[in-house]
Amino acid sequence: MKFFVDTADVSDIRELAALGLVDGVTTNPSLILKSGRGIVEVTAEICSIVDGPVSAEVAATDYDGMMREAAVFSKIAPNVCIKLPLTLDGLRACRTLTAEGRQTNVTLCFSANQALLAAKAGATFISPFVGRLDDINLDGMDLIQDIRTIYDNYDYKTQILAASIRTVNHVKEAALIGADVITAPPAVLKSLANHPLTAKGLETFLADWAKTGQKI
Ligand code: G3P
């Protein structure tokens, strides 16, 4: 399973990259706002840190505008992945960009039928939002399972990028279902290493080690 980090904060990206936990990066307009930086310059810096796909999201809502913005993003670096909303214009832009050999990430997916359309448009990634479905008392993981089944039924190559991942359980469940990628905030990725029994066991080992009086 690939791990993408869902942030535009370059210090977090550098830290996680050093741990080998960054196969790619996803951003969105809210994360760009949070970074306080210009989308082109921050995306360029992220692309210089990470070799994998770095998603930059268009803000236009019409096909021509999306294509214009995609052209700006495409000039940044070869690993920029154009992120497009799951609308008819977004799907059309996805189809054109795919034919031009660009990587695409179709975002704001909340249904299996939407994911089917993205696969038919040749999307590199489909981003179903797990946490936001949980927020309205649906089960976001049911959507990941449905998309996995549909894509496997027809051998679609679009990769399932489980997004809006909020908890370590989301990561485990997405992995069990067979999502190709998860994108999660830095804190969730780091907390995957945590277990109270690991912390407790280490504390005991260190206390006993101190009692031996030895040094390595
Ligand atoms: O990048 C999109 C997605 O991961 C957003 O997550 O937590 O804002 O629903 P969230």
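Each reported figure results from applying straightforward, stated rules to the coordinates on display, with no laboratory input. The model shown is predicted, which means the values in this text are computed figures rather than measured ones. Heads up, the Cβs are rebuilt from the backbone with ideal geometry, glycines too, and the neighbour counts pull from every protein chain shown.
At-a-glance table
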item: Identity of the residue in the range 22-44, in contact with a helix residue (DSSP H, G or I) (Cβ under 6 Å, 6 or more places away or on another chain) and surrounded by 18 or more Cβ atoms within 10 Å (Cβ to Cβ), that ends up nearest to residue 103 (Cα to Cα); result: 25
item: Subset tally (residues that are in a helix (DSSP H, G or I), under 21 Å from residue 152 (Cα atoms) and touching a residue at least 24 places away in the same chain (Cβ under 8 Å)) for the range 171-213; result: 4
item: Helices (runs of 4 or more DSSP H) fully within the range 1-119 counting 1 or more residues that are within 16 Å of the ligand (Cβ to nearest atom) and among the charged types (D, E, K, R); result: 10-18, 29-35
item: Leading residue by the ranking (nearest to residue 102 (Cα to Cα)) among those in the range 120-177 that are within 14 Å of the ligand (Cβ to nearest atom), hydroxyl-bearing (Ser, Thr, Tyr) and touching a strand residue (DSSP E or B) at 6+ places or on another chain (Cβ under 7 Å); result: 127
item: All positions within the range 141-170 that are among the β-branched types (Val, Ile, Thr) and more than 14 Å from residue 189 (Cβ to Cβ); result: 144, 147, 149, 150, 158, 160
